[in-house]
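The next block holds one structure in the form of structure tokens; read it before the comments.
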Number of protein chains: 2
Amino acid sequence: MASVEKASDEATYVNPKKFKSSNEEPKESKKYSVHESLKDLSKFQLKRVLNNNAQKKLLCVEGTFADHDGAAIVLLEKKAFVEEKLDEHLFTESSKLSKEFENDVYGNYNCFPSIEHNSIKTTIIHPAMEKHIAKFENQPIHIVEETPKLYEEITLPHLKKEQFSLQWVYNILEHKAEKERIVFEDPDPKTGFVLIPDLKWDGSLETLYLLAIPMLKGIKSIRDLDQSHLPLLKNIRDAGTKAISKKYSGFPASQLRIYFHYQPSFYHLHIHFTYLKYDAPGIFTEKAHLLSTVINNIELMGEYYSKATLSFVVKESETLFSKYQAHGVLSSQSVEKK
Amino acid sequence: MASVEKASDEATYVNPKKFKSSNEEPKESKKYSVHESLKDLSKFQLKRVLNNNAQKKLLCVEGTFADHDGAAIVLLEKKAFVEEKLDEHLFTESSKLSKEFENDVYGNYNCFPSIEHNSIKTTIIHPAMEKHIAKFENQPIHIVEETPKLYEEITLPHLKKEQFSLQWVYNILEHKAEKERIVFEDPDPKTGFVLIPDLKWDGSLETLYLLAIPMLKGIKSIRDLDQSHLPLLKNIRDAGTKAISKKYSGFPASQLRIYFHYQPSFYHLHIHFTYLKYDAPGIFTEKAHLLSTVINNIELMGEYYSKATLSFVVKESETLFSKYQAHGVLSSQSVEKK
């Protein structure tokens with residue numbers, strides 16, 4: 001909590017009037033959400049860059065908002081191009097060109113499209129907790145080979161203690177939030193699920209990204225899966241691909257990547273559906289497990305996921321890294337420190 | 001050449017005066033370069049999208065310029081964020097926000113920065129040749145769930161017929177080529193292997209990439225692996241990580257991604273060693289299989305790889321796609337053709 005408190009102090013300093021209001025927080029907590037009134041980025045005060053991914057054109061920064069308490073994370077990501085209406089949105093007189101150089105048939109330019117057709121996808125987390133910040137920070141990473149024994153002794157106690165609130169997931173399942181965003185719903189308590197666009201998705205087919213969230217509570221991750229879950233998993237595969245094909249004009253199942261994350265970012269089982277050509281975050285082999293493989297593994301061996309060694313990646317800044325380090329499984333020797 | 005000719009005809013039609021000038025091309029070829037006078041993108045007439053990479057935010061299109069002969073390629077790539085002067089360029093009143101939705105501490109927005117600080121890197125190739133176009137053209141890809149039966153009936157006959165020569169691999173193993181590049185060698189005929197830098201590796205630790213190639217011939221891919229290969233696989237894991245640590249100043253095993261490809265690009269078993277933070281090509285879950293997972297799967301079930309359904313990705317332009325299509329397993333219905 002250290003940085004949240006610190007950020008809070010800074011915000012108070014900038015806007016002393018806020019200090020009084022702070023005492024009324026229990027009554028008017030909504031007031032402190034930056035999301036109520038934010039019109040532009042002028043009030044954002046940069047503390048530091050957490051991550052700058054040049055390939056993905058993604059910038060993640062930590063800071064504060066001048067008139068609000070608490071730390072904030074601003075995640076900016078340039079958008080993929082949308083193929084519809086390129087003639088109206090991009091290939092126009094508004095898209096001015098400034099030549100950098102030319103060589104033979106090749107010319108390099110800067111293109112300045114109109115403001116309205118060149119927006120940046122922006123996610124703001126406020127107030128942000130220490131663990132949000134740790135999540136986005138660029139850090140040395142290590143791969144752990146988690147045996148069932150290490151899961152029981154280290155991972156499981158850790159995640160029981162540290163896990164994020166699942167309230168936002170339950171809000172979706174109970175129609176208390178994002179109801180209008182639901183693409184498909186099967187209310188069966190055992191095999192049912194909600195299919196919803198992922199928060200990161202900008203809506204274009206080129207970056208198609210949906211999440212299937214089972215109605216059934218208590219399945220933390222693939223570690224908990226066994227034969228009893230096959231009907232759920234197969235329903236998600238079949239009804240999920242069908243719903244996507246129906247909603248997105250015949251999007252074929254053979255062009256979908258359907259997978260779990262291990263470790264997941266939250267511990268209510270969920271399945272990612274992304275366009276196969278989209279290099280979505282978290283699709284590397286050390287993190288993503290294809291639904292088809294998971295189903296097949298359980299069919300081959302009902303107890304597969306309680307017996308298997310599952311590898312996953314952990315950042316040095318995460319508590320889980322320290323736990324594995326204390327256990328002698330990992331060391332902080334890293335390429336970054338050379 | 002068909003598309004180049006067509007594009008040329010269209011340009012002639014739009015500006016008939018140009019037709020006469022065309023005859024003078026050898027004398028005044030400079031005149032026909034679009035790079036001389038281009039001020040904006042309004043004259044670009046889109047023919048088709050060659051490639052749209054949503055992760056890199058890169059769009060490549062083919063078309064013509066209304067007042068010029070010849071095909072053109074326009075390559076647009078959103079720019080990475082520049083960390084200098086973020087306060088002046090991005091966190092300003094100009095950067096208007098439009099809220100999409102909020103849920104708990106998370107808010108999703110569109111941010112509309114000022115035109116001058118949100119330009120797009122643009123490369124224009126004009127006149128473009130057929131080979132430029134082929135270079136940038138994208139292909140639909142599909143995922144196949146290969147059961148053991150499909151492997152026997154389709155994949156195996158195909159790869160027996162089509163596979164590339166393995167002579168270059170045998171040359172390495174027999175010291176007939178690349179001998180001086182070998183990082184480590186264990187000559188045991190059953191469990192031995194050669195460790196060698198991958199051809200793509202530029203030698204910097206940030207992109208570390210080596211290949212382990214077993215001495216043993218006849219193992220085509222992970223499909224052929226069983227209990228008898230465990231000593232080989234464990235030796236590659238242990239001696240491979242040790243050799244890399246020794247050669248590259250203590251490079252830790254926990255920062256290596258060690259994996260197979262399925263399908264591989266050549267059918268003599270080989271294992272990739274890359275730096276965990278390096279987004280090497282072919283590390284997505286639909287293509288890469290961790291050595292640790294492969295060893296564990298065989299330990300759990302000796303016949304795992306002859307019983308498992310293995311998914312892999314195939315391009316529509318590949319012969320293997322046609323084979324699966326003829327078998328009714330895949331169809332050429334694709335997002336790209338919508």
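The values are calculated or read from the model by the stated rules, or taken from the named source; none is laboratory data. All values reported here derive from a predicted model rather than from experimental measurement. Glycine gets a Cβ as well: all are built from the backbone with ideal geometry, and neighbour counts include every protein chain shown. In case anyone asks, the SASA skips ligands and DNA or RNA and just uses the protein heavy atoms, side chains included. Shrake-Rupley method; radii C 1.70, N 1.55, O 1.52, S 1.80 Å.
For the stretch B:24-106, which whole-number percentage of the solvent-accessible area (1.4 Å probe, protein heavy atoms only) is attributable to carbon and sulfur atoms? Intermediate results must be reported in sequence, preceding the final value.
Details: 1770 of 3890 Å².
Result for the stretch B:24-106: 45 percent of the exposed heavy-atom area is carbon or sulfur.
Taking beta carbons within 10 Å but only from partner chains, what does the mean come to for residues A:87-94? Write down the numbers at each step before the final one.
Numbers: counts 6, 0, 0, 8, 10, 4, 5, 4.
The per-residue average across the peptide is 5.
Of the residues A:Lys200, A:Lys307, A:Lys315, which exhibits the maximal mean-square fluctuation in a Gaussian network model of chain A defined by a 10 Å Cα contact cut-off?
A:Lys307
Using only Cα atoms, find the angle between the long axis of helix B:2-14 and the longest principal axis of chain B, and express it within 0 to 90 degrees, rounded to the nearest 10.
20
Compute the whole-percent fraction of alpha carbon pairs in the stretch A:236-284 spaced more than 14 Å apart.
Beyond 14 Å sits 52 percent of the P(r) for the stretch A:236-284.
Choose one of A:Met215, A:Gly192, A:Thr285: the residue whose Cα lies farthest towards the positive end of the charge dipole of the protein assembly as shown (beta-carbon charges +1 Lys, Arg; -1 Asp, Glu; about the Cα centre).
A:Thr285
Evaluate the charge dipole of the stretch B:57-195 about its Cα centre and quote only its size in Debye, nearest 20, assuming +1 on the Cβ of each Lys and Arg and -1 on the Cβ of each Asp and Glu.
Details: 16 positive and 26 negative charges, 74 e Å.
Using Cβ point charges on Lys, Arg, Asp and Glu, the stretch B:57-195 gives about 360 debye.
Grab the beta carbon distance between B:Glu84 and B:Asp40, set R0 = 25 Å, and tell me the FRET efficiency rounded to 0.05. Mind dumping the intermediate values first?
Values: r = 28 Å, r/R0 = 1.12.
For B:Glu84 and B:Asp40, the calculated efficiency is 0.35.
With label points built 7 Å along Cα→Cβ from the Cα atoms of A:Lys149 and B:Leu166, find their separation and express it in nm.
3.7
Modelling each spin label as a point 7 Å along the Cα-to-Cβ direction, I'd like the A:Glu116/B:Asp202 distance in nm, to one decimal.
Those two pseudo-labels are separated by 4.2 nm.
Where nothing but the Cβ of Lys and Arg (+1) and of Asp and Glu (-1) is charged, how large is the charge dipole of chain B around its Cα centre, in debye to the nearest 20?
In debye, rounded to 20, chain B gives about 520.
Give me the inter-chain shielding for B:54-65: mean count of other chain Cβ atoms within 10 Å, whole number please.
Mean shielding by partner chains, rounded to a whole number: 6.
Hey, what did chain A get for relative contact order, percent, Cα under 8 Å, at least 6 apart? Kindly include the intermediate steps, with their values, before the conclusion.
Values: 501 pairs, mean separation 50.2, N = 338.
Once divided by the residue count of chain A, the mean separation gives 15 percent.
May I ask you to work out the translational diffusion coefficient for the stretch A:34-102 at 20 °C, viscosity 1.002 mPa s, via Stokes-Einstein with Rh from the Kirkwood sum over Cα pairs, reported in whole µm²/s?
So the translational diffusion coefficient is about 140 µm²/s.
Based on DSSP H runs of at least 4 residues, each adding -39500 (n - 2.57), what is the mean residue ellipticity at 222 nm of chain A after dividing by all its residues, to the nearest 500 deg cm²/dmol?
Calculated at 222 nm, the ellipticity per residue is -7000 deg cm²/dmol.
So what is the accessible area of the protein assembly as shown per residue, in Å², with the probe set to 1.4 Å?
Normalised by residue count, the accessible surface of the protein assembly as shown is 45 Å².
With 10 Å bins from zero, work out the P(r) of the stretch A:149-306 over every alpha carbon pair and list the percent per bin.
Bins of 10 Å from zero give 10, 40, 38, 10, 1 percent of pairs.
With N residues in the stretch A:221-338, what two-decimal value do you get for its Cα radius of gyration over 2.2 N^0.38 Å?
In units of the globular-protein estimate, the stretch A:221-338 measures up at 1.25.
Along the stretch B:32-48, what does the Karplus equation 6.51 cos²θ - 1.76 cosθ + 1.60 (θ = phi - 60°) give for ³J(HN,Hα), rounded to whole Hz, x for Gly and Pro?
These are the phi-based 3J(HN,Hα) values: 8, 7, 5, 5, 5, 9, 5, 10, 7, 9, 5, 7, 6, 10, 5, 9, 6 Hz.
Pull out a ≥ b ≥ c, the square roots of the eigenvalues of the alpha-carbon gyration tensor of the stretch B:270-314, then state rounded if a/c is under 1.5, prolate if not and a/b is larger than b/c, and oblate in the remaining case.
It is oblate, given that a/c is not under 1.5 and a/b is not larger than b/c.
Dipole of the protein assembly as shown, Cα-centred, from +1 at each Lys and Arg C-beta and -1 at each Asp and Glu C-beta, to the nearest 20 debye?
Once rounded to the nearest 20, the dipole reads 320 debye.
Taking only the Cα atoms of chain B, how large is their convex hull per residue, in Å³? Mind showing how you got there, number by number?
On the way: hull volume 82.9 nm³, N = 338.
Spelled out: Cα convex hull of chain B, divided by residues, is 245 Å³.
Pull up all non-local amide H partners of A:Phe184: gap of 5 or more, or a different chain, and H-to-H distance under 5 Å with H placed in the peptide plane.
A:Leu195
So what is the relative contact order of the stretch A:178-229, in percent, for Cα pairs below 8 Å that sit 6 or more residues apart? Present the calculation step by step, with values, prior to reporting the outcome.
Values: 63 pairs, mean separation 15.3, N = 52.
With pairs under 8 Å counted, the relative contact order is 30 percent.
Accessible area of the stretch B:210-338 with a 1.4 Å probe: how many percent of it is carbon plus sulfur? Could you put the intermediate results ahead of the total?
Working: 2330 of 4620 Å².
Looking at the stretch B:210-338 in its full context, I get 50 percent from C and S.
Compute the whole-percent fraction of alpha carbon pairs in the protein assembly as shown spaced more than 32 Å apart.
Result: 58 percent of Cα pairs exceed 32 Å.
With a ≥ b ≥ c the root eigenvalues of the C-alpha gyration tensor of the stretch B:39-171, is it rounded (a/c under 1.5), prolate (a/b larger than b/c) or oblate?
oblate
Restricting attention to the alpha-carbon atoms of the stretch A:179-272, what are Rg (one decimal) and Dmax (integer), both in Å?
Expressed in Å, the Cα Rg and Dmax of the stretch A:179-272 come to 12.8, 36.
Using a basic spin-label model with each label point 7 Å from the Cα along Cα→Cβ, how many nm lie between B:Glu299 and A:Asp188?
Those two pseudo-labels are separated by 3.6 nm.
If one puts a single equal scatterer on every Cα of the stretch B:107-162 and applies the Debye formula without solvent, what log₁₀ I(q)/I(0) results at q = 0.14, 0.19, 0.25, 0.30 Å⁻¹?
With no solvent term, the Cα-only Debye profile gives -0.77, -0.88, -1.02, -1.16.
What average number of partner chain Cβ atoms lie no more than 10 Å from the Cβ of the residues making up B:78-84?
Partner Cβ neighbours, averaged per residue: 6.
Quick one: helix B:230-247 against the long Cα principal axis of chain B, what's the angle to the nearest 10°, folded into 0 to 90?
60
How large are Rg and Dmax for the stretch A:150-212 when only the alpha carbon atoms are used, in Å?
For the stretch A:150-212, the Cα radius of gyration and maximum Cα-Cα distance read 15.2, 43 Å.
Among A:127-139, A:159-171, how do they line up by average Cβ neighbours within 10 Å per residue, starting with the highest?
A:127-139, A:159-171
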